[in-house]
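Below is one structure, written out as structure tokens; the observations come after it.
The values are calculated or read from the model by the stated rules, or taken from the named source; none is laboratory data. Note that the structure is a prediction, hence the values are computed from the model and not measured. Don't worry about glycine lacking a Cβ; one is built from the backbone with ideal geometry, like all the others, and counts go over all protein chains shown. Heads up: the accessible areas ignore ligands, DNA and RNA and are worked out on the full protein's heavy atoms, side chains in. Shrake-Rupley method; radii C 1.70, N 1.55, O 1.52, S 1.80 Å.
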Amino acid sequence: MLSSRGRPINRFTRPCHALAERSGFSAWRARGVSDHANQDRRSTIEIVRVFTRHHERYGSPRLASRRGSTLAGPVSRRRVARLMADAGLRAKAVRGYRAKAAVHQRYARHPNLLWKTTVTTTNQVWVG
């Protein structure tokens, strides 16, 4: 469908101009950084500081519970997780237990002599 000027009619043209005016766009561009973004920036700096001080072992739950007192206001675990992901931080996993082979070699030098003896009465073998 064409208008009287020969241009195609777009039914969304008028509502879009009403919603986003040039003055609103200019005001948006001229606006400074929001308070939330400033708090995110300060929180990220604090998170990185605490994270590196504790050898990259603290995850978002521990950082969130710890940071409530160190920063301006409490911050949720999810927000800390988001800020950590944005900063590229990931906590190291706790290493699992692994038995040491040297322990078995240490005890292998001293055989258990009690296994070779036969006990018939009390007070025959003393173990210390």
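Please verify whether ALA99 is under 30 Å from ARG79 (Cα atoms) and part of a loop (DSSP other than H, G, I, E, B), treating the condition exactly as stated. Explain how you work it out, then say what you get.
Numbers: under 30 Å from ARG79 (Cα atoms): no; part of a loop (DSSP other than H, G, I, E, B): yes.
So ALA99 does not fit the description; no.
Tally up the residues in the stretch 94-128 that are within 30 Å of TYR58 (Cβ to Cβ) and open to solvent by less than 90 Å² (accessible area, probe 1.4 Å), please. Outline the logic, then answer.
Step one: of the stretch 94-128, the residues within 30 Å of TYR58 (Cβ to Cβ) are 94-100.
Those still in the list that are open to solvent by less than 90 Å² (accessible area, probe 1.4 Å) too: 96, 99.
Qualifying residue count, the stretch 94-128: 2.
Of the residues that sit in the stretch 27-46 and are among the acidic types (Asp, Glu) and open to solvent by less than 50 Å² (accessible area, probe 1.4 Å), which one is farthest from SER76 (Cα to Cα)?
To start, the set of residues in the stretch 27-46 that are among the acidic types (Asp, Glu) comprises 35, 40, 46.
Those still in the list that are open to solvent by less than 50 Å² (accessible area, probe 1.4 Å) too: 40, 46.
Working: ASP40: 12, GLU46: 14 Å.
Checked the stretch 27-46; the qualifying residue farthest from SER76 (Cα to Cα) is GLU46.
Take ARG49 and tell me if it is out of contact with any strand residue (DSSP E or B) (no Cβ under 9 Å at 6 or more places or on another chain) and surrounded by 13 or more Cβ atoms within 10 Å (Cβ to Cβ). Give the steps one after another, and end with the answer.
Working: out of contact with any strand residue (DSSP E or B) (no Cβ under 9 Å at 6 or more places or on another chain): yes; surrounded by 13 or more Cβ atoms within 10 Å (Cβ to Cβ): no.
Judged against the criteria, ARG49 is not a match.
Examine the stretch 84-93 for a residue that is farther than 30 Å from ARG57 by Cβ and either touching a residue at least 24 places away in the same chain (Cβ under 8 Å) or in a loop (DSSP other than H, G, I, E, B) (or both), and state whether such a residue exists. Lay out the reasoning, then the answer.
As a first pass, look at the stretch 84-93 and keep what is farther than 30 Å from ARG57 by Cβ: none.
Scanning the stretch 84-93 turns up no residue that is farther than 30 Å from ARG57 by Cβ and either touching a residue at least 24 places away in the same chain (Cβ under 8 Å) or in a loop (DSSP other than H, G, I, E, B) (or both).
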